[in-house]
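Notes follow the structure.
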Amino acid sequence: MNRITRLTAGLLLVTFVLQVVLAGCSRPASPDRGDKIYDPLLEEESRKSFEFFWKEANTDPASKGYGLIRDRAPGNPNLSSVASVGFGLTALAIGAERGWITREEAKERALGTLNTLWNHAEQINGFYYHFLNMNDATRAGNSEVSIIDTAIALCGAIVAGEYFGGEIKELAEQIYERVDWNWYRDPERNLFYMGYHPEEGFKGHWDFYAEQLMLYFLAAGSPTYPLDENMFYSFIRHTGSYGDSEPFIHSWFGSIFTYQFSHAWFDLRNKVDKQGVDWWENSVNASKAARLFAIDQAETFSTFGPDAWGLTASDGPRGYEGKYGAAPSGYSNDAHLVDGTLPPAGALGSIVFTPEESIAALKHYYTFPDLIGEYGLKDAYNTAVSPAWYARDVIGIDKGITLLMIENYRTGFVWEWFMKNEYVKKGMEIVGMSEKQDSSS
């Protein structure tokens, strides 16, 4: 981006902020939600992210797929991801609380979505297929039965159940109780398998740290098929660092979403496990390292810089890429892929860990008009290629982690309601999570 174009984009940002502020002059400057700060851009990106989950859903009450949410938009209009549904169920509670939709609208959509998950969505032993057909909730293509995507759906169901109560809570708990966690466990290694295809059986293992902390908490707390706490300590905890960053337990590809997803629901602040690991601080360190990595990559890739960081799985110029990430990665810091592509959800999903740096990134992203669409920031961009590339789509899980983490930063809302659930609290206790002791006492 040349100087004139950047100046123009900056003026557009100033104009946009003034419009948002002036539009809000008829109401209090800060909503009565206990926000840490009312920031027009946080409000804009949150609401637009919410609108993806509200608008890109099956809204036909007569359909077996009612309430299912698209994996992405505008691409693949007939494909739903179960993870999108989980983020979307959480989004319904956020939207109702903020008044973006009425409570009755949210309750109707939540109940219908849970009815679809309970009665129609294709599953095995309570585990859903990663992708479902939007219209009838059947398995889409050759997608796998996914334990992690099922867990995300369960987290969303739990939030909806706690927030709306009544029939919604009862149905959410039925869906949770149906999941047979032991079926997805490899007894020889005491690890969860990575995926299951009916045609081929189980493949791979969750043998390295990633976004799967939620699996152990949910499984341990299950009232019907509980697993013991030892699984939480069975996966590889490989420690690394980048530059001057503090060491932390890292994921294989170094994608920043792996340090975020479980934290979107489980409140791990000021807690340690039985080995003394503070997983919250681990994600803080990972986020800071990811920013340092992007700063160092700026000489090679113009996309990156101090306000443009957070490499994570996303769309790229050649399609979806799950290996986008930062060092440390793998065993030798060579598992991650960098090509100049950057998804805004990376930095924004870390706003609870690095608030100042993440908000600075948000402001930077909004200086690129081509990166802004109907649902706020698009999935990714790359200014290191010529011409500069901007994603066409938004992806549900990226809008989801953006929405949930901004809300947690502003109010702690998702943590507040999710952590009310008795099984959630029980699961964390069983695996050995405890309050961190003040070292000064």
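The values are calculated or read from the model by the stated rules, or taken from the named source; none is laboratory data. Just so it is clear, the structure is predicted and the values come from calculations on it, not from any experiment. All Cβ positions, even for glycine, are placed from backbone atoms using ideal geometry, and neighbour counts span all protein chains on display.
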Selection from the stretch 169-203 of residues that are aliphatic (A, V, I, L, M) and either at pLDDT below 95 or part of a helix (DSSP H, G or I) (or both): 171, 172, 175
Selected residue (criterion: surrounded by the fewest Cβ atoms within 10 Å (Cβ to Cβ)) from residues of the stretch 232-243 that are out of contact with any strand residue (DSSP E or B) (no Cβ under 7 Å at 6 or more places or on another chain) and not in a loop (DSSP other than H, G, I, E, B): 233
Condition check for residue 67: buried (at least 23 other Cβ atoms within 10 Å of the Cβ) and touching a residue at least 12 places away in the same chain (Cβ under 8 Å): yes
Hits in the stretch 175-214 - residues which are over 21 Å from residue 85 (Cβ atoms) and among the aliphatic types (A, V, I, L, M): 191
Answer from 370, 334 - the residue that is among the acidic types (Asp, Glu) and more than 17 Å from residue 293 (Cβ to Cβ): 370
Selection from the stretch 275-328 of residues that are of a type in the set (S, T, N, Q) and closer than 25 Å to residue 264 by Cα: 275, 282, 283, 285, 287, 312, 314
Every residue from the stretch 319-375 that is aliphatic (A, V, I, L, M), more than 19 Å from residue 303 (Cα to Cα) and under 18 Å from the mean Cα position of the chain (by Cα): 351, 352
Single match in 128, 163 (criterion: in contact (Cβ under 8 Å) with a residue 12 or more places away in the chain, part of a helix (DSSP H, G or I), crowded, with 18+ Cβ neighbours inside 10 Å and aromatic (Phe, Trp, Tyr)): 163
Residues satisfying the stated conditions in the stretch 52-61, i.e. in contact with a Lys or Arg (Cβ under 9 Å, 6 or more places away or on another chain) and either within 25 Å of residue 364 (Cα to Cα) or in a helix (DSSP H, G or I) (or both): 52, 53, 54
